[in-house]
1. Mind checking which residues of the stretch 250-268 are under 18 Å from the mean Cα position of the chain (by Cα) and either farther than 26 Å from A42 by Cα or open to solvent by less than 10 Å² (accessible area, probe 1.4 Å) (or both)?
2. How many residues, within the stretch 253-269, are touching a Ser or Thr at 6+ places or on another chain (Cβ under 9 Å) and assigned to a helix (DSSP H, G or I)?
3. Name every residue in the stretch 270-307 that is basic (K, R) and either assigned to a loop (DSSP other than H, G, I, E, B) or surrounded by fewer than 14 Cβ atoms within 10 Å (Cβ to Cβ) (or both), in order of residue number.
4. Modelled with pLDDT of 95 or more and within 30 Å of M170 (Cα to Cα): which single residue out of V298, V265 fits that description?
5. Hey, among the residues in the stretch 26-38 that are over 16 Å from H252 (Cβ atoms) and outside any loop (DSSP other than H, G, I, E, B), which one's most open to solvent (accessible area, probe 1.4 Å)?
6. Just to be sure I understand, how many residues within the stretch 116-164 are surrounded by 24 or more Cβ atoms within 10 Å (Cβ to Cβ) and either among the aromatic types (F, W, Y) or outside any strand (DSSP E or B) (or both)?
7. Can you confirm whether the stretch 74-94 contains a residue that is out of contact with any His (no Cβ under 9 Å at 6 or more places or on another chain), open to solvent by 20 Å² or more (accessible area, probe 1.4 Å), closer than 21 Å to P164 by Cα and part of a helix (DSSP H, G or I)?
8. So how many residues does the stretch 192-203 have that are touching a Leu at 6+ places or on another chain (Cβ under 8 Å) and either modelled with pLDDT under 95 or among the β-branched types (V, I, T) (or both)?
Amino acid sequence: MATLNRCVLAALVLIALAPASSAQDFPTRPITLVVPLGAGGAMDIIARSFGPKLAERLGKPVVIENRVGGGTVIAANSVAHAAPDGHTLLIAPSGTLTTNVTLYKKLSYDPVKDFVPIALYCKVPFMLVVNSSLPVKTIPELVRYAKDNPGKLSFGSTGTGAAPHLAGEMLKTMTGIEMTHVPYKGGPPALNDTIAGHVQLFFADTAITPPLLAEGRIRALGVSSLTRAGVLPEVPTIAEAGVPGFEAVSWHLIVAPANTPRPIVERLHAELKSVMKSDEIWQQMIRMGLIPVDSPSVEELQSFVQSEMVRWGKLVRQVGIAGTE
């Protein structure tokens with residue numbers, strides 16, 4: 001009996017030590033970092049820049065895998081149901097964890113229950129640009145023009161429920177103007193039609209606007225973040241240009257499957273935080289029109305995601321597109 005008790009005790013000790021041991025040994029194989037957007041975009045470029053640096057710190061390769069489709073749902077669902085061991089991570093744009101909850105009739109993952117946030121590394125502002133022939137140069141002039149010419153303004157977006165769409169709806173709500181929404185399949189066609197005058201406004205990717213502005217093909221009225229964009233510091237924020245409190249930005253948050261051991265979560269958080277704060281990555285994000293973020297703690301990120309779900313969900317319902325996907 002004594003021998004049996006000693007065996008049971010030894011087994012219990014081994015079980016108790018197992019999580020700590022696995023966390024200490026992490027990672028045991030390459031890390032897969034899933035990017036739900038196509039190759040060549042800002043998210044993909046930054047991931048391929050910090051991936052090797054993260055690999056150096058972890059001692060294992062970091063593989064960037066683009067899983068595109070379904071409005072990021074395919075990638076999110078695959079990571080949500082991956083083994084919760086820290087070896088499969090997702091870079092989630094804000095909509096994946098916020099607007100999708102309200103936009104989709106049925107979502108195959110739960111942003112709160114199926115993921116644990118690891119690190120928030122940037123915000124993604126948009127530049128409100130107008131066709132160069134539109135007789136407005138400031139936000140107040142735009143508001144005045146819209147009210148004097150009801151029914152004449154339309155704005156493009158990258159798709160119904162996407163951040164540029166909701167930014168336009170927020171501008172309508174906060175200024176009391178009317179504009180017609182025209183969804184496109186991506187940013188390039190929406191921007192091309194803004195240049196051509198088929199739509200008058202578009203919340204564009206800040207990184208691609210400088211050369212078009214320099215050529216006079218479009219005009220910038222304001223940036224959608226609360227801070228100015230590093231690539232165009234002379235352009236005011238929409239908030240300071242006449243719409244106090246206006247902020248409509250996307251963000252990139254790295255998440256892991258829920259139930260990933262806390263020591264592994266903390267290790268990944270610390271390593272990613274260090275990598276993102278390196279001067280090379282930080283400056284690269286600024287040059288690309290992104291706003292680098294020194295990631296808050298895991299607990300703060302959990303509260304942040306829930307508050308963003310409420311904030312954007314309210315707008316999705318207000319616009320009348322809840323459950324349309």
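1. At the first step, the residues of the stretch 250-268 found to be under 18 Å from the mean Cα position of the chain (by Cα) are 250-257.
If the condition is that a residue be under 18 Å from the mean Cα position of the chain (by Cα) and either farther than 26 Å from A42 by Cα or open to solvent by less than 10 Å² (accessible area, probe 1.4 Å) (or both), then W251, L253, I254, V255, A256, P257 are the ones that fit.
2. 4
3. We begin by selecting, within the stretch 270-307, every residue basic (K, R); these are 273, 277, 287.
Correct list: K277, R287.
4. Result of the check over V298, V265: V298.
5. Here is the first cut: in the stretch 26-38, the ones over 16 Å from H252 (Cβ atoms) are 26-32.
Now restrict to residues that are outside any loop (DSSP other than H, G, I, E, B): 31-32.
Details: I31: 1, T32: 31 Å².
That would be T32.
6. Matching residues across the stretch 116-164 total 8.
7. First, the residues of the stretch 74-94 that are out of contact with any His (no Cβ under 9 Å at 6 or more places or on another chain): 74-90.
Subset that is open to solvent by 20 Å² or more (accessible area, probe 1.4 Å): 74, 77-78, 81-85, 88.
Okay, now just the ones that are also closer than 21 Å to P164 by Cα, so none.
No; the residues of the stretch 74-94 include none that is out of contact with any His (no Cβ under 9 Å at 6 or more places or on another chain), open to solvent by 20 Å² or more (accessible area, probe 1.4 Å), closer than 21 Å to P164 by Cα and part of a helix (DSSP H, G or I).
8. Within the stretch 192-203, residues that are touching a Leu at 6+ places or on another chain (Cβ under 8 Å) and either modelled with pLDDT under 95 or among the β-branched types (V, I, T) (or both) number 2.
The values are calculated or read from the model by the stated rules, or taken from the named source; none is laboratory data. Since the model is a prediction, treat every value here as computed from it, not as a measurement. Reconstructed Cβ throughout: ideal geometry from the backbone, glycine too, with neighbour counts over all protein chains shown. Surface areas here come from the heavy atoms of the whole protein model, side chains and all, with no ligands, DNA or RNA. Shrake-Rupley method; radii C 1.70, N 1.55, O 1.52, S 1.80 Å.
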